[in-house]
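The values are calculated or read from the model by the stated rules, or taken from the named source; none is laboratory data. Note that the structure is a prediction, hence the values are computed from the model and not measured. Please note: Cβ atoms are built from the backbone with ideal geometry, for glycine as well, and neighbour counts cover all protein chains shown. Protein only, heavy atoms only, side chains kept; ligands, DNA and RNA dropped before computing areas. Shrake-Rupley method; radii C 1.70, N 1.55, O 1.52, S 1.80 Å.
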Amino acid sequence: MPKRYLLVLLLCCVHPSLSAQDFWEPLPLYGGETYRIIATPDGDAFVGTEAHGLLRSTDQGRSWFPAGLTKHSIHSLYADGKGELYAGTTRSGVGLWRSTDKGQSWVNIYGSGYSRQLAVNSAGTICLGTYGLTPLARSTDKGQSWNELDIDPDDDRHTILQGLVVDSQDRFVAATNLGIYTSEDGAVWTGLENQFDNGNIFAIQVHPDNSIICVADSGVWRKGPEESAFTEVFAVKSGERSVLNRLGTTLYLSLQSARRLYRSTDAGLNWQTMSDDDSEMRDFALLGNGVILSAGGFEGVTRSEDDGSTWQAAGNGILSQSITAVHMDSGGVLYAGNRRGVIFRSVDGGANWTASPFPGLHPVSTIFSAPNGQRLFASVGMKSYWGDGGLYYSDNSGIEWTKVENNEVEWAPIDIAMHPDGSLFLSLSDQSELNSAGLFRKDNLDAKWERLDAVSEGPEKIFVSSMGSIFIPGEDGAFAYRSTDKGESWTAVIIQANELHFEDMTEYKGTLYGIAFRGNLYRSDNDGLAWERIPGGATQVSEFIATDNGTLVAATYQGCLLSSYQGQSWQRLTTGLIISAVRSISASPEGYLYAATAGGVYKSAAITTDVRENGASAAAVDKLKLSLSAPGDEMVEFVYASAGSGNAHIAIFDILGNRVADLHNGRVDAGQRTLRWDSSQHTQGRYFCRAGRGGQIVAVSFSVLR
């Protein structure tokens, strides 16, 4: 049968106006912690994220797409069973929102407080748990008006509503820090009699037979429909993030402390362990036929098809990522490491991502390329994580990773850097049980780690200049300690009285730039021997880089600071960032910025250009066009147009990012050319054709179908 070719996506380099849109645009590593997830009666699933609003799935969690409230943090979700959705938000507007069209549009119906729990009875009465002065808000007219009330006005203690359900008799049942309360209409509440001593209830459900099952600090308690008192049925330490859900007559329970999923098929009398996976479970949704979706905080959304026995990442793993490191190599491949030790890679500037088989368990702290660009490194583990971290390298653009032998150095890496001759330098914290803090050197991958007699134990930063000088933050009035013999000896660099140590350094065409702890900016034109103060600077810097055109960029906990005048003046760029703390920053050769945040990866909406000392701007970026046609059964045809001349690399990649064919690798002149690829020796599936010239990247995604 003839093959068919489907054009999926075309990306081109553009120059949008900064005044017309946010500076930062989110890439589809949808971001932030996931707090709430629900299933609707028609089989859809919705998950609330901290930094990308609401996401929806129509295929039981296999794929996801935005469902509104994109600049809000979602902390509560509810589906009333009649087609209406409710979402409680923080960030960019606190309150409660309602949608009647599955998230296509939203109306704010309550804006007086942070909503925590929500339930709607058959009459349409809404009860909303808040963090306001009163614990409950009630509406009988779909949110047009509200009454704020206290569940137990006779109790002087502040009530916190921690769970809220509607039972089979259409009563509201509330779990609070003071016990369990019920209400016929949400206006008048009555505390249950004969409750157990520990009244702090974290979660609650009512079985169809009217048994009440609740989670307290000591474990799971139950009161049958004919029983007068609660009985402890499951003695286990729980926690405030415990969740009780029900599908028909089957109950499911997740406990914050145990990090496990349990099931009961006898109205809560007995509990069976369904999963002992060590993943966090903030919330979970039951879709039926054994499909369960879990919202796991920083661990994203996972999916089970066997009633919770085994779990896999939902949405190809790209959903809800807390990104800790970002890097683009010289070939234009973009990498993003997350808090769970997974590295994602993109060959089309972040439009599509695949997860590399990276064996990390803890946060990816650094991703960097060797000076010659031929090897990629990634470190796993941060100061507060020791044990299973380490240093890994890849010789095929992040497709496969190999662990660098530790040689009995217990990992708790703070920073890693590479010398121009290939030597590695590693800083370890003092939180390791087997090793004290220190600075180590490995002259090649086969050599052992050698402890250096550095003047600072476990330095926070290591910077190596292109000349091979090594810098670590100074102490006792020194801006830095500098070594020109690969760490064998050190000299204190003192800039001025009372100046503190540097936070980070970067280099552009031989000029070094360093930001001091207080935020002052310095430059050196002689490899760090002497430094001069220049205007500008930043505080709370996580990473400091210089782009290929000389723009200085400081990633901070309050967005990014950018200088287009070689440090003479600065502009803070935060628009578009839902979570402003930027942990890592990288730049493409043409000047686009990529920011790693707890809310995912963001890309600058326009390139950054340096203004030279004579006022002339950097050269404009040429436009590239790449189109696709299908002239025959086996041949795929691409048309490549370049506005300028230079070296271009045009190649075909499979969905995993493996390069399967080179179409052109060499000089091109301005103009248009046709390139063909014979797909007959390749399986059907999705592929990318990517063209790169002068740091510019354009890609087209297509599928080969039989």
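Below is a table of values for the structure above.
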item	result
Qualifying positions in region 219-232 - open to solvent by 50 Å² or more (accessible area, probe 1.4 Å) and assigned to a loop (DSSP other than H, G, I, E, B)	Pro225, Glu226, Glu227, Ser228
Single residue of Leu529, Leu521, Leu577, Leu561 found to be buried (at least 17 other Cβ atoms within 10 Å of the Cβ), touching a strand residue (DSSP E or B) at 6+ places or on another chain (Cβ under 9 Å) and part of a loop (DSSP other than H, G, I, E, B)	Leu577
Region 322-333, residues that are modelled with pLDDT of 90 or more, among the aliphatic types (A, V, I, L, M) and closer than 21 Å to Ile579 by Cα	Ala325, Val326
Among the residues listed as Glu460, Glu475, the single one being modelled with pLDDT under 90, surrounded by fewer than 20 Cβ atoms within 10 Å (Cβ to Cβ), touching a Ser or Thr at 6+ places or on another chain (Cβ under 7 Å) and closer than 26 Å to Thr556 by Cβ	Glu475
Flag for Glu148 being modelled with pLDDT under 90, under 28 Å from Gly81 (Cβ atoms) and either open to solvent by 30 Å² or more (accessible area, probe 1.4 Å) or within 38 Å of the chain's Cα centre (by Cα) (or both)	yes
Elements of type strands (runs of 3 or more DSSP E) in region 66-177, at least 1 residues being under 26 Å from Ala267 (Cα atoms)	73-79, 115-120, 126-130, 161-166, 172-176
Subset tally (residues that are farther than 20 Å from Ser322 by Cβ and open to solvent by less than 10 Å² (accessible area, probe 1.4 Å)) for region 86-109	7
Qualifying residue in region 545-552 (condition: open to solvent by 10 Å² or more (accessible area, probe 1.4 Å) and under 19 Å from the mean Cα position of the chain (by Cα))	no
Every residue from region 123-145 that is crowded, with 21+ Cβ neighbours inside 10 Å and not hydroxyl-bearing (Ser, Thr, Tyr)	Ile126, Cys127, Leu128, Gly129, Pro135, Leu136, Ala137
Qualifying position, being within 16 Å of Ile416 (Cα to Cα), out of contact with any Ser or Thr (no Cβ under 6 Å at 6 or more places or on another chain) and open to solvent by less than 10 Å² (accessible area, probe 1.4 Å), among Ser465, Ser469	Ser465
Sole residue being open to solvent by 10 Å² or more (accessible area, probe 1.4 Å), at pLDDT 90 or above and more than 22 Å from Ala546 (Cα to Cα), chosen from Asp485, Asp504	Asp485
Boolean, Thr159 is over 29 Å from the mean Cα position of the chain (by Cα) and at pLDDT 90 or above	no
Per-region count, region 151-160, residues surrounded by 11 or more Cβ atoms within 10 Å (Cβ to Cβ) and basic (Lys, Arg)	0
Any hit, region 56-65, residues being at pLDDT 80 or above, within 21 Å of Ile323 (Cα to Cα), open to solvent by 20 Å² or more (accessible area, probe 1.4 Å) and part of a loop (DSSP other than H, G, I, E, B)	yes
One residue from His664, His682 being touching a strand residue (DSSP E or B) at 6+ places or on another chain (Cβ under 7 Å), surrounded by 14 or more Cβ atoms within 10 Å (Cβ to Cβ) and not in a strand (DSSP E or B)	His682
Options Leu253, Leu293, Leu287, Leu261; residue that is part of a strand (DSSP E or B), aliphatic (A, V, I, L, M), at pLDDT 85 or above and open to solvent by 10 Å² or more (accessible area, probe 1.4 Å)	Leu287
Positions within region 481-510 being touching a residue at least 40 places away in the same chain (Cβ under 8 Å) and farther than 17 Å from Thr539 by Cα, in sequence order	Arg482, Lys486, Gly487, Glu507, Tyr508, Lys509, Gly510
Hits in region 188-210 (condition: outside any strand (DSSP E or B), open to solvent by less than 40 Å² (accessible area, probe 1.4 Å) and within 23 Å of Ala123 (Cα to Cα))	Trp189, His207
Those residues of region 513-531 which are of a type in the set (Phe, Trp, Tyr) and modelled with pLDDT under 90, in sequence order	Phe517
Among the residues listed as Gln571, Gln540, the single one being under 30 Å from Gly692 (Cβ atoms) and open to solvent by 10 Å² or more (accessible area, probe 1.4 Å)	Gln571
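Table: residues versus (1) in contact with a Lys or Arg (Cβ under 6 Å, 6 or more places away or on another chain); (2) more than 24 Å from Gly290 (Cα to Cα).
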| site | (1), (2) |
| --- | --- |
| Thr159 | no, yes |
| Val165 | no, no |
| Ala175 | no, yes |
| Gly186 | yes, yes |
| Ile201 | no, yes |
| Val220 | no, no |
